[in-house]
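Data block below; observations after.
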Amino acid sequence: MWAQLISMRLKPGAEHELTGVMDALHAVEQPGSGLLRSFTLTERDDPQAVHILVVFESEERARVRENDAQRQQTLVPARTKMAEIFDGPPTFTDLDVVIDRSYQPT
């Protein structure tokens, strides 16, 4: 597995628009892309700091998805909205998943 952490800052007053942008990104996701799961996180002490953790089957599958021309076209409206609510471009951190454990609530 491979993961990427995407970090960005919301513009002041845009907090209420985050869910809509994430829903728009989810809506254009194509089956079989290799994406296993994603988490959208905000910092408790700085709610305008947003982190998105995406986990893929492999880096190769993620890069194919990233370079898919059809996907790029479907992302235009979501990216336009992202430019409106985020302050500057995101930063990307590539991560190797070395341990993956899931736990069930007790």
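Read-outs: derived from the displayed coordinates by stated rules, not from any lab. All of these numbers come straight from a predicted model, not from anything done at the bench. Note that each Cβ is placed from the backbone with ideal geometry, even for glycine, and that neighbours are counted across all protein chains shown.
From the square roots a ≥ b ≥ c of the eigenvalues of the alpha-carbon gyration tensor of the range 1-48, which class results: rounded (a/c under 1.5), prolate (a/b over b/c), or oblate?
oblate
Starting with the fewest neighbours, write out Lys81, Lys11 ranked by other beta-carbon atoms found within 10 Å of each beta-carbon.
Listing Lys81, Lys11 from fewest to most nearby Cβ atoms yields Lys11, Lys81.
Please list the non-local residues whose amide H lies under 5 Å from the amide H of Lys11, H modeled 1.01 Å from N, same-chain partners needing a gap of 5 or more.
Phe86, Asp87
As a check on your grasp of the helix formula, calculate [θ] at 222 nm for the chain: sum -39500 (n - 2.57) over DSSP H runs of n ≥ 4, divide by the residue count, round to the nearest 500.
-9000 deg cm²/dmol
Projecting each Cα onto the charge dipole of the chain (Lys/Arg +1, Asp/Glu -1 at the beta carbon, about the Cα centre), which of Ala69, Phe86, Gln48 comes out farthest on the positive side?
So the residue we want is Ala69.
Which whole-number percentage describes the relative contact order of the chain, with Cα contacts under 8 Å and a sequence gap of 6 or more?
So the answer I get is 47 percent.
Treating only the Cβ of Lys, Arg, Asp and Glu as charged (+1, +1, -1, -1), what charge dipole size does the chain show about its Cα centre? Round to the nearest 20 debye.
The calculation lands at about 180 debye.
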